[in-house]
Structures are given as C-alpha cells and as structure tokens.
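Structure, as structure tokens:
The values are calculated or read from the model by the stated rules, or taken from the named source; none is laboratory data. Remember, it's a predicted structure, so these values are computed and weren't measured experimentally. Backbone-built Cβ (ideal geometry, glycine too); neighbour counts: all protein chains shown. We work out accessible area using only protein heavy atoms, side chains counted, and drop any ligands, DNA or RNA first. Shrake-Rupley method; radii C 1.70, N 1.55, O 1.52, S 1.80 Å.
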Amino acid sequence: MKKAISLILALALMFSLAACGSGGDTTTAAPATQGGSETGAADGETQPAGDVSVPITTDDPAYMAELIAAAQSEGELVVYGSCEEEYLAVACEKFEELFGIKVSYQRLSTGEVQAKIEEEKGNPSGDVWFGGTTDPYNEASVSGLLMAYEAKNAAHLSSSAYRDADGYWYGIYKGILGIMVNTDELSRMELEAPQDWQDLLDEKYQGLIWLSNYNTAGTAKLVVNTMIQKYGHDEGIQYLVDLDKNIEVYTKSGSGPSKNIGTGECVVGIGFLHDGITQIVDNGYGNIQLIIPSSGTSFEIGATAIFEGCAHPNAAKLWIEYALSPECVEQAAQNGSYQFLVIDNAKQPEQAAEFGLDPDNVMEYDFEDAKNNTSTYVEEVMEALGAAADDRFQTE
C-alpha cells in the first residue's frame, strides 16, 4: 500500500513539473502590495525580482520593490502636512491604497510642525512632513531634526535648486508670493489696487491688509526673508514695522488671508497666489485680483522630508519616493492646489498658467541665508514690532 501511494505522488510531481515547463502562461504576477520580490530559500534574504512592477512611476523598480516590502513590514506611517488639508487627505489616502500601509495624518502649519518636532527631538510622534515652504524645513535640518535620504525619484526634479544638497528635504511644488485684493471692496472705497510692495505702506490701506503670523506660518517667514533680501537687513525689518501699521490681522496659517479675500472680510491679502486661484476657481470668487509685485517677488518651494528618529523609517522613505512621483503631485490640481510642479514627468496645472503666473519670473532667493538666519530674523522683527502687534497675531 505504501509503495502504491509513493508511486502516485511521484507521478503527480512529474506531471506538475511538465506543466511548468510546457511554455504555457501559468504564472500569476505578484500583487503590487507584495513588493514584487521573492525570498531566497537558502538564506531568507529578500531578493529583487527580475521583472518588477511597482504601483508608482520610478526608474528603479527593483529598489522600489525592496523598499515597499520593508515599508509594508512596518505597516504604518504618520504624516504631518502643511499643504492644504484637501490635498493632504487625498495624498495620504492614495498612499494607503497603493501600498496597503495604514496612514495617519494631521494638518499643521509649518511653524506648528517645527515646534512639535523640536519638543520631541529624537523621538518624533510623526514620520514625515509634507508640504509647506522650505524655510522651516531648513531650520529643522540645521537643528538635526530631519533625516537625510537620497531619493531615487529625485532624478526627476527639474532643477537641483528644488532639493536640499544633503537630502534633508525635496521639493514637490513651487508657489509665487504676491498680493491679492477684493476688487468689489476697493471699488466701493474708491481705492486703486496696490501694484508693488511699497504701495502697501500707503496709509490709505490702513486696517485693510492681512498677513500670516511670523511665528506660525512658513509663508510669513518667507515674507521676512524676502524683504531683508530685497531691501537689506535694517531696511527690510523697518519695512515690516511700517507695514504693520496697515495690517488688521496676522492669521495662523499662510493661506488664511486668501480664504477671506472673496468674502471681503480681508480687502488686501499677502500670500501665495495659487491660494487665490483656489478661491477663484473652486469657490467662485470672481472679485479676487492676483497681483505680482512690479519690482519683483520671491517664491516658495513646497517640500517633503523625513523626521530624524522616526518610528517607521522605511515607510517614510517610501513616502518620499511617492511624493516625488506623478501619482502623488498630480492630485494637487484635482484637489484645489494649483502650485507649479517641480517634477519633470508630471503634468503642470493648467490653471496657474491661465492666470498669467510665470514660475521663473521671480527674484533670486538666497536659501542659504534663509537656512542660517530665519529664526534670528523673525525674533528681530517681533522685537522691533514690540507689544503693539501682539493682540493681532493669531495662533488658533
């Protein structure tokens, strides 16, 4: 009886091997969530498959397959986002859908993220930072709060200017700093729209201008650096002191002024012009005019980075690769964020060009000076303003 069973098993094995070698298409591709890799029987190490398919655009699918497998073994990712919440939510949901990794996220201003990781130094509760201008990112890198990573998909950045040289952050979009006005309110007041930065100092705009909080918003930190680079240190700080006389509100978030322009609560706002486009295109406020200051303006690079000491480093690295792919950044324009993209294989949002914005029509920005001095400059501005401005700086 035992001999008969052995014979049956041997015949079954023979026919199975014959079927595998018959040339028929009997192989099923590994699903993307398995990372397209296989485990060697001898040593148990993960080996890249020869023909790998991964769920994001990349020039190195074998590396990505290994990274996906390592990230999936961690199983979780925590994202702090400083872009608009709608884009943040969709980006996180897409990542979870593509890789089967649970994602938790929270929308915080860049200043809030910076303060949080400073407090948690070495043991951050988050893994990655997504969106928001790079001045706070640079400050965080100097303080040892970000982890360097050489991303494969950084090869698709359209310029080396859109990344940190040591891999502490990578750019995903570019936004132009400018002025937004409510044309209905200006017409009612019989006022002309300001055309340049110096125009904003005119007393006729007293109580009409909104800007974001220098302590909480990366947008406002960029304003500080822009004025110092444009006019010189002392003159730049004096400009902001003079501007303060006309400011009604300092919002917590950089997009705060733009969100109140269409309603007329804010008549003149300083911020990123793509936020104004969102109010016009998505919310139907045809009474908003976008103004690029005539003497020149600066720009933000919206970034992404990994927190030093994070709990899920492989999932964090996978996020960076994902953030530098068309699958991630093209979702921005579909969800109310119309920044220019800095990745050469992604489709640019048509809305930004339609409003006459040119991503190259900006002043040369000294990122190194901003990296080394932003905190000092903000302290100097706040000291120069004194107590007079304190009750207008929103933190909630």
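Positive end of the dipole of the stretch 126-264, charges at C-beta (+1 Lys, Arg; -1 Asp, Glu), about the Cα centre: which of 148, 254, 222 has its Cα farthest in that direction?
148
Among the listed pairs 230/347; 102/174; 116/221; 174/204; 116/245; 174/252, which have their C-alpha atoms separated by more than 27 angstrom in this model?
Among 230/347; 102/174; 116/221; 174/204; 116/245; 174/252, the Cα-Cα distance tops 27 Å for 230/347; 102/174; 174/204; 116/245.
So with the 1.4 Å probe, I'd like the accessible area per residue for the chain, rounded to whole Å². Intermediate values should be presented prior to the final figure.
Details: 17290 Å² over 396 residues.
Computed with neighbouring chains in place, this is 44 Å² per residue.
Could you give each residue of the stretch 316-325 its phi-based ³J(HN,Hα) in whole Hz, using Karplus coefficients 6.51, -1.76, 1.60 with θ = phi - 60°, and x for Gly or Pro?
5, 5, 4, 4, 4, 4, 5, 5, 9, 10
For a quick check, take a GNM of the chain with Cα springs below 10 Å and name the residue from 97, 248, 354 with the largest mean-square fluctuation.
Judging by the Gaussian network model, the answer is 354.
Above 19 angstrom, tally the Cα pairs of the stretch 240-292 and express them as a % of all pairs, no decimals.
More than 19 Å apart: 23 percent of the Cα pairs in the stretch 240-292.
Could you please state how large a percent of the accessible area of the chain is carbon and sulfur, counting protein chains only and using a 1.4 Å probe?
Summing carbon and sulfur atoms, their accessible area is 47 percent of the total for the chain.
Collect residues whose amide H, placed 1.01 Å from N in the peptide plane, falls under 5 Å from the amide H of residue 249; neighbours closer than 5 in sequence don't count.
Those qualifying (amide H under 5 Å, at least 5 residues apart or on another chain) are 211.
Restricting to Cα pairs below 8 Å that are 6+ residues apart, what does the relative contact order work out to for the chain? Please round to a whole percent.
With pairs under 8 Å counted, the relative contact order is 23 percent.
Going highest first, how would you order 300-307, 249-256 by mean Cβ packing within 10 Å?
300-307, 249-256
Beta carbons within 10 angstrom, averaged per residue: use that to sort the peptides 60-70, 342-352, highest first.
Ranking the peptides 60-70, 342-352 by packing returns 60-70, 342-352.
Please report the orientation-averaged projected area of the stretch 145-221, defined via the convex hull of its C-alpha atoms, in nm².
The orientation-averaged projected area of the Cα hull of the stretch 145-221 comes to 7.9 nm².
When all C-alpha to C-alpha distances in the stretch 51-176 are sorted into bins of 5 Å, what percent of pairs does each bin hold, rounded to whole numbers?
Using 5 Å bins, I get a P(r) of 2, 10, 17, 21, 23, 18, 7, 1, 0 for the stretch 51-176.
Per 0.36 nm of contour for each residue apart, how much would the distance between residue 125 and residue 195 grow if the chain were fully extended, relative to their Cα-Cα spacing?
Once the chain is fully extended between residue 125 and residue 195, it gains 20.8 nm.
At what distance in angstrom do the alpha carbon centres of the stretch 248-263 and the stretch 204-242 lie from each other?
So the separation of the two Cα centres works out to 15 Å.
How far apart, in nm, are the 7 Å Cα→Cβ label points at residue 344 and residue 396?
It works out to 4.9 nm between the two label points.
What accessible area, in Å² to the nearest ten, does a 1.4 Å probe give for residue 367?
About 50 Å², rounded to the nearest 10.
Using all alpha carbons of the chain, what is the percent of pairwise distances in each 20 Å bin, ordered from the shortest bin to the longest?
26, 49, 17, 6, 2, 0
Kindly provide log₁₀ I(q)/I(0) values, in the same order as q = 0.25, 0.31, 0.32 Å⁻¹, from the Debye equation applied to equal alpha-carbon scatterers of the stretch 349-396.
Ignoring solvent entirely, the Cα scatterers give -0.88, -1.11, -1.14.
So what are the ³J(HN,Hα) numbers for the stretch 223-233, from phi and the Karplus equation (6.51, -1.76, 1.60; θ = phi - 60°), rounded to whole Hz, Gly and Pro as x?
Once rounded to whole Hz, the list reads 4, 4, 5, 4, 5, 5, 6, 7, 10, x, 4.
With axes computed from alpha carbons, what is the tilt in degrees of helix 367-385 against the longest principal axis of the chain, rounded to the nearest 10 within 0 to 90?
The answer is roughly 40 degrees.
Around residue 299, which amide H atoms from residues at least 5 apart in sequence, or from another chain, sit under 5 Å from its own amide H, with H modelled in the peptide plane?
Those lying under 5 Å, H to H, from residue 299 are 177.
For a protection proxy built on the mean count of beta-carbon atoms within 10 angstrom, sort 121-131, 370-380 highest first, please.
121-131, 370-380
Quick one: Karplus J couplings for the stretch 147-158, per residue in order, coefficients 6.51, -1.76, 1.60, θ = phi - 60°, nearest Hz, x for Gly and Pro?
Using θ = phi - 60°, the values come out as 9, 6, 8, 8, 6, 5, 6, 5, 4, 9, 5, 6 Hz.
With every atom except the alpha carbons ignored, what do you get for Rg and Dmax of the stretch 145-187, in angstroms?
Here Rg and the maximum Cα pair distance are 17.4, 52 Å.
Can you check what the net charge comes to around residue 377, using other residues whose Cβ is under 10 Å from the Cβ of residue 377 (Lys, Arg +1; Asp, Glu -1)?
Taking every other residue near residue 377 into account, the sum is -3.
Roughly speaking, what is the centre-to-centre gap between the stretch 293-346 and the stretch 149-179 when only Cα atoms are used, to the nearest Å?
For the stretch 293-346 versus the stretch 149-179, the Cα centre distance is 8 Å.
From the helices alone, meaning DSSP H stretches of at least four residues, give me the mean residue ellipticity at 222 nm for the chain, per-run term -39500 (n - 2.57), in deg cm²/dmol to the nearest 500.
Working: 14 runs with 151 residues, N = 396.
My calculation for the chain gives -11500 deg cm²/dmol from helical runs alone.
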